[in-house]
Amino acid sequence: MSLRLVQYDFETKEKLLLHGLQQLTTGRGARMADRVRATGDAPGPRELIEAVRFARPSAGLGSSVLLGPRAPEAATAVLRHHLDRLFTNSG
């Protein structure tokens, strides 16, 4: 894709970044839905709540790393903490 096409489609850097973040969010939601469907069993209310509690921060962490205020190592530590908590509580 040429620079001219990018400049034509996205008048500013902010619009280009916003479009990229929207694409990431859409893709993340689709992957999450695919994974839930792939389990074959209908998840219970507790499982859905835990999935949402995990997905929300992970999406925010990705954006904060992408935009700069959080280091990748710090985001990894937060995700590990939530994963450990999630799998420890599941039995």
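All of the numbers you see were taken from the coordinates with simple rules; none came from a lab. This structure is a prediction, so every number in the text was calculated from the model and none was measured. Counting neighbours? That spans all protein chains shown, and the Cβs are built from the backbone with ideal geometry, glycine included.
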Subject >> Computed FRET value (nearest 0.05) for Lys15 with Leu66, which takes r as the C-beta separation and R₀ as 22 Å >> reply: 0.90
Subject >> Segments 25-34, 61-70 sorted - mean Cβ within 10 Å per residue, highest first >> reply: 61-70, 25-34
